[in-house]
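The values are calculated or read from the model by the stated rules, or taken from the named source; none is laboratory data. Note that this is a predicted model, so its numbers are computed, not measured. Please note: Cβ atoms are built from the backbone with ideal geometry, for glycine as well, and neighbour counts cover all protein chains shown.
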Number of protein chains: 4
Amino acid sequence: MSGNTFGTIFRLTTYGESHGPALGGVVDGCPPGVPVSEEILQRDLDRRRPGAGGLTGTARKEPDAVRLLSGVFEGETTGTPIGFVIENTDQRSRDYEAAKTLLRPGHADGTYLAKYGRRDYRGGGRASARETAARVAGGAVAGALLARAGIRVVAYTVELGGIPALPVDVAGAADRPFCAPDPDVIPLWEARAREAMATGDSLGGIVEVVATGVPAGLGEPVFDKLDARLAYALMGVGAVKGVEIGNGFAAARLLGSQNNDPIVHPPVSNNAGGILGGIASGQPVVARAAVKPIPSIAVPQRTMDIDGEPAEIVVGGRHDRSAIPRVVPVLRAMVLLVLADLWLAQKTVA
Amino acid sequence: MSGNTFGTIFRLTTYGESHGPALGGVVDGCPPGVPVSEEILQRDLDRRRPGAGGLTGTARKEPDAVRLLSGVFEGETTGTPIGFVIENTDQRSRDYEAAKTLLRPGHADGTYLAKYGRRDYRGGGRASARETAARVAGGAVAGALLARAGIRVVAYTVELGGIPALPVDVAGAADRPFCAPDPDVIPLWEARAREAMATGDSLGGIVEVVATGVPAGLGEPVFDKLDARLAYALMGVGAVKGVEIGNGFAAARLLGSQNNDPIVHPPVSNNAGGILGGIASGQPVVARAAVKPIPSIAVPQRTMDIDGEPAEIVVGGRHDRSAIPRVVPVLRAMVLLVLADLWLAQKTVA
Amino acid sequence: MSGNTFGTIFRLTTYGESHGPALGGVVDGCPPGVPVSEEILQRDLDRRRPGAGGLTGTARKEPDAVRLLSGVFEGETTGTPIGFVIENTDQRSRDYEAAKTLLRPGHADGTYLAKYGRRDYRGGGRASARETAARVAGGAVAGALLARAGIRVVAYTVELGGIPALPVDVAGAADRPFCAPDPDVIPLWEARAREAMATGDSLGGIVEVVATGVPAGLGEPVFDKLDARLAYALMGVGAVKGVEIGNGFAAARLLGSQNNDPIVHPPVSNNAGGILGGIASGQPVVARAAVKPIPSIAVPQRTMDIDGEPAEIVVGGRHDRSAIPRVVPVLRAMVLLVLADLWLAQKTVA
Amino acid sequence: MSGNTFGTIFRLTTYGESHGPALGGVVDGCPPGVPVSEEILQRDLDRRRPGAGGLTGTARKEPDAVRLLSGVFEGETTGTPIGFVIENTDQRSRDYEAAKTLLRPGHADGTYLAKYGRRDYRGGGRASARETAARVAGGAVAGALLARAGIRVVAYTVELGGIPALPVDVAGAADRPFCAPDPDVIPLWEARAREAMATGDSLGGIVEVVATGVPAGLGEPVFDKLDARLAYALMGVGAVKGVEIGNGFAAARLLGSQNNDPIVHPPVSNNAGGILGGIASGQPVVARAAVKPIPSIAVPQRTMDIDGEPAEIVVGGRHDRSAIPRVVPVLRAMVLLVLADLWLAQKTVA
């Protein structure tokens, strides 16, 4: 319930604050014999590091070095829980006095205070995007499991600051600035990003995640539909405000005869995004997440302090100008976690 | 895991196929002392009955009469599980021969077969929208619990067949055709619906659900964010293909300075939809669900039979022409179930 | 949490009070293709009926007729939840005035009141042993699943009122008075029972449950050990006050060299009761439950009323004189439920 | 399911092998404001260290130094997950060749192999009693939470090698050899232990755990009864083969009139062990666990290697001669974890 465990059979439990000693997690339920190593986790972690793509400027430069603590023996999982930890090396004494008393608009400062009556105000504490490092590490284990089953997941940016991109080369997106699926969009996005940075403002965007090789039949009925689990997974990432599957919101404006996919081999359309009745159809599973502009902006905003007194705030520091591209591997990790869980669940049915 | 239980503390477990003997559910975890009766459940169930709004034409006319089996004594809950059942009175012998062998496009026929290797093909079986009756009954219990805490949920249609409506009078929406929040949109939607029906086609739309009185602090961190749980709940309803919170997908195109809500009393905007960092801010919680056009259409479609042979299908019968308005009370019920669960969870924190 | 759902993958959720309209349950997670019918459930239910063995005298004579509501199609499970209901036919107006105000020693009257602040006082409400009917029905489904895997569970009485019995013929126990594993012990137990009945008193005993065909490897590590799950399952039956595995409490008095089972084929001992490190060894799994004497006795006892005033109570009526033999099929059902859940769980490991 | 998470609201997830880099855990669901520190965890951990009581002789001398990684800020919990880690400092290269191929009788070597098809054979891997260190650390957090509510748990040895002890001074037991509740029994137990050690053999015993201050009403109905959860918790500790509550197995031999506790103030007996109908009565909660003799003995035993070939084994090394007293704080920790979970659960009812 308390929200730090994801999944039922393949489970990830995470812990850690932005400026505490460390963050990490435990993957439980991974079958034995899956090749897992610190290198495999690190590779995915490096993709969400500061500076991994364009449009970044955060001062934090930790390498986010992951250390495996258990569950792997002679290079393969043993079936026992896989503990891992990422030390917070950048815990230098900053001036957190403002953070202690002022609530940042668009952040969880006030809501955490309302929930818990207290909070670790240093760098956002548990509500920091830094928390997602543990998700990416857990997702890497899920990815190693799914790779054995031929299931692969790619994620890329399909829109930034209102400028769309075409999925020209999704395989190469992870290595491009902004996780762009089309090299040609990069200069346009760079211009848009510079524009926003010039005024201290921030940008949002849309990320698409596609899973291929998902066998027909994956997903559970009624409440645990594959799309329901994906929506839960993606919306649980801090900056996400919307999730859609296949045609998504556009489907609401189509006729049934336009939106239905004919059942033919080979398929001629995938409006359903690879899911019918909550269960995978065998076509690629396609989800999109709407990412809001990062709330940390160098523009003066009206707010209040923790005593309710009106105040003005300018969130300084060299923050990212968009959750994109760092959120892209996080969203990919979440889809991997969902699929690993449901893939194991399906074994109990067949 | 197997998908028929919703919630952790306030839990709804459901069962039942479209044409089996009965469907029903068990609500577990409801505190004692909540006024619950068959009348309260029936009132909500009646709102999802055929003919409850415009744009319907299903032949099924069961009253969906609910019977309470346990957990209520002298008009109030006792703290023990609340069992309820809705008999399927319309089990007359139909000709299901076509349903037995032909896969309907846009339906779960093929995916259930892939998952389970068999299926109750009569009327969609467990994948039938009829399953949602149990959700509405469970949601009514959640509603009775939340009403004591001053939390109320309304749901209404904000778009049908591409034609939007303004939230002129949301309180009256439940009693209007299409659950329209504006009387003036009704003739436009009726025209649009007639147009679709004339060609045997179907319509989609967008439903908005708003919860008021949600106390700041509700929601769990990280994976179980309030918005994540809402997305899971709403996307788990059959026809839903997208979910958004507050500004939703529109937020992806705004600047941070446009999307952030200033923290002032009284609030001047609610772009966040009442949720920051996954936790309720105290403002109304606003979610929207994209509902696809119903896949049962009287238009010839290409499909295949269960042996993979190509075929053509015309889904006959007097089916609904849109999931709207019958899905509206279902989406409202799902939000009630989420809030009841998280409201009880918050008691373990404070 | 609220205690009415058992299991993680193979799950049973139950509801119902002693004198409410009905009791029942939902089995979720049963794979498709398992032969299940009302007859299969009824057969196990009949074994826990009043008068099914010796030593009984309860006035309640319901047939406990079970009705399947969903999840079974053409004689086999479909993979969707299996709802079932047992109507309470014996709801005639009794005089519950005493039950309303007086707390019965050894019963849950006072503790339910402390927990919920109210209670359905008619016949024990949810705390009545009648609740176990739903467990037996759920266990019958588990049994049908396990039978396909060659796993069988027998249960029998190994001690009654302090008089032990030898496991001479455990296969026939279910059809004998007291579920006696030895015909020769029956007259001794009958004499002991008559003796207790003559003074209005009641007896306890010990029940042994043995599962054969459990494959080596079943069970989960650390917290969810097979023996931990069995202890949880058996101790959760109302009258049970102790659970042991293999040598159990006797092991505490042995030397390691006496208690260790040599690892040889064929095995020469089973002191471990078929479980090592919480995981099945392949030998028969052996558990025993200590059943307390039924607290409803016709002997005057000191108690208090719900206002805390001292009182004397004689629990009248024609109650059972021991939970044995009616508890025997319930304990067997609980073991079946544990094994079904862990058997499916093991599929996610291999 | 995979067995490494305990609890529903107050949850402990653990990881770690005997000879991997580290072991540790995550406590999730602990409310904010509970005083927690490394010192508090360390104090309980020190009680299960080698040499903490009599009858030990293990060569392993790690200090089991615990490090807090998250969830605590300025000396109190914040409501976010509490990560902790205990490094394995004694990872020196031993000769594990025998362990690699020979199955030790009474150990989980063979069953882990059957379950996972592989195992970390170094020192027992995950099946090592060393795993329980994480339970003790988690239990210490539970203890800090419960202390605020006036709930306290003591544990002590009531029998060793067949020699019983009287609960003369349970408060001082934790500081005595063997966790003895009576100073006078210590020489008797020492003699018994020397006797067993002289032949390379090992001893079992019985541990009693008593919780005081448990408010009436704690515990959940039906499957999650307080006694069921205690049985699950205690039987899940490696060496435990039996669990009983109150009179336990002795109750099976009493008459109802002997076993029922009269309901009077002040109470005159506690045969029920503080639990009626699975719910706390307000009297002390009393549980006992039967601990088998440690299977590692220096006596030659028949076994087989992993290829099924017969062999003889003498488990050398300076192992403990009994799980007692090191298991005592572990059993206490498990009861603390159960009570913390149910104590929070009760907040959702009232």
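What the table shows:
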read-out: In the range A:262-273, the residues that are of a type outside the set (Gly, Ala, Ser) and either over 25 Å from the mean Cα position of the chain (by Cα) or within 8 Å of chain B (Cβ to nearest Cβ) (or both); value: A:PRO262, A:ILE263, A:VAL264, A:HIS265, A:PRO266, A:PRO267, A:VAL268
read-out: In the range B:298-323, the residues that are of a type outside the set (Lys, Arg) and closer than 25 Å to B:ILE206 by Cβ; value: B:ALA298, B:VAL299, B:GLN301, B:VAL315, B:HIS319, B:ASP320, B:SER322, B:ALA323
read-out: Residue within the range D:67-88 that is on the phi < 0 side of the Ramachandran plot and modelled with pLDDT under 95 present; value: yes
read-out: Sole residue being more than 11 Å from chain B (Cβ to nearest Cβ), touching a helix residue (DSSP H, G or I) at 6+ places or on another chain (Cβ under 8 Å), surrounded by 24 or more Cβ atoms within 10 Å (Cβ to Cβ) and within 30 Å of A:ILE9 (Cβ to Cβ), chosen from A:LEU336, A:LEU276; value: A:LEU336
read-out: Residues that are within 14 Å of chain C (Cβ to nearest Cβ) and surrounded by fewer than 16 Cβ atoms within 10 Å (Cβ to Cβ), drawn from the range D:175-206; value: D:ARG194, D:GLU195, D:ALA198, D:THR199
read-out: Neighbours by Cβ (under 6 Å, 6+ apart or cross-chain): first from the range A:243-261, facing chain B (nearest Cβ under 7 Å) and hydroxyl-bearing (Ser, Thr, Tyr); second buried (at least 24 other Cβ atoms within 10 Å of the Cβ) and outside any helix (DSSP H, G or I); value: A:SER257/B:ILE297
read-out: Yes/no for A:VAL209 being closer than 30 Å to B:ALA193 by Cβ, of a type in the set (Val, Ile, Thr) and buried (at least 22 other Cβ atoms within 10 Å of the Cβ); value: no
read-out: Qualifying position, being in a loop (DSSP other than H, G, I, E, B), at the interface with chain B (Cβ under 8 Å from one of its Cβ atoms) and touching a residue at least 60 places away in the same chain (Cβ under 8 Å), among A:LEU230, A:LEU234, A:LEU218; value: A:LEU218
read-out: Given (1) of a type in the set (A, V, I, L, M); (2) surrounded by fewer than 22 Cβ atoms within 10 Å (Cβ to Cβ); (3) within 19 Å of the chain's Cα centre (by Cα), number of the condition B:ALA149 does not satisfy; value: (3)
read-out: Complete set of residues in the range C:280-291 that are touching a helix residue (DSSP H, G or I) at 6+ places or on another chain (Cβ under 8 Å) and more than 27 Å from C:THR13 (Cβ to Cβ); value: C:SER281, C:GLY282, C:ARG288, C:ALA290
read-out: Residue, nearest to C:ASN259 (Cα to Cα), within the range D:147-167, restricted to residues that are assigned to a strand (DSSP E or B), within 13 Å of another protein chain (Cβ to nearest Cβ) and in contact with a strand residue (DSSP E or B) (Cβ under 8 Å, 6 or more places away or on another chain); value: D:LEU160
read-out: Hits in the range D:13-42 (condition: among the aliphatic types (A, V, I, L, M), more than 10 Å from chain A (Cβ to nearest Cβ) and either part of a strand (DSSP E or B) or over 20 Å from the mean Cα position of the chain (by Cα) (or both)); value: D:VAL34, D:VAL36
read-out: Qualifying residue in the range C:243-251 (condition: surrounded by fewer than 23 Cβ atoms within 10 Å (Cβ to Cβ) and within 25 Å of C:GLN346 (Cα to Cα)); value: no
read-out: Some residue of the range B:291-304 being within 7 Å of chain A (Cβ to nearest Cβ), of a type in the set (Gly, Ala, Ser) and surrounded by fewer than 24 Cβ atoms within 10 Å (Cβ to Cβ); value: no
read-out: Residue identified as more than 16 Å from D:ALA333 (Cα to Cα) and of a type in the set (Val, Ile, Thr) among D:THR199, D:THR157; value: D:THR199
read-out: Every residue from the range C:152-169 that is more than 13 Å from the chain's Cα centre (by Cα), within 22 Å of C:GLY274 (Cα to Cα) and surrounded by 18 or more Cβ atoms within 10 Å (Cβ to Cβ); value: C:VAL158, C:GLU159, C:ALA165
read-out: Condition met for A:GLY143 (surrounded by 23 or more Cβ atoms within 10 Å (Cβ to Cβ), touching a helix residue (DSSP H, G or I) at 6+ places or on another chain (Cβ under 9 Å) and in a helix (DSSP H, G or I)); value: yes
read-out: Number of the exception - A:SER93 against (1) modelled with pLDDT under 95; (2) buried (at least 23 other Cβ atoms within 10 Å of the Cβ); (3) outside any helix (DSSP H, G or I); value: (2)
read-out: Test: residue in the range D:174-181 that is modelled with pLDDT under 95, over 15 Å from D:VAL286 (Cβ atoms), among the acidic types (Asp, Glu) and not in a strand (DSSP E or B); value: yes
read-out: Residue match in the range B:114-123 (condition: touching a Leu at 6+ places or on another chain (Cβ under 9 Å), of a type outside the set (Phe, Trp, Tyr) and outside any helix (DSSP H, G or I)); value: yes
read-out: Single residue of A:ALA345, A:ALA350 found to be out of contact with any helix residue (DSSP H, G or I) (no Cβ under 7 Å at 6 or more places or on another chain), over 26 Å from B:GLY246 (Cα atoms) and within 7 Å of chain B (Cβ to nearest Cβ); value: A:ALA345
read-out: Residue list for the range A:279-288, filter: under 17 Å from the mean Cα position of the chain (by Cα) and at the interface with chain B (Cβ under 9 Å from one of its Cβ atoms); value: A:ARG288
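Table: residues versus (1) polar (S, T, N, Q); (2) surrounded by fewer than 24 Cβ atoms within 10 Å (Cβ to Cβ).
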residue: A:ALA98; (1), (2): no, yes
residue: A:ARG104; (1), (2): no, yes
residue: A:ALA114; (1), (2): no, yes
residue: A:ARG118; (1), (2): no, yes
residue: A:GLY124; (1), (2): no, no
residue: A:THR132; (1), (2): yes, no
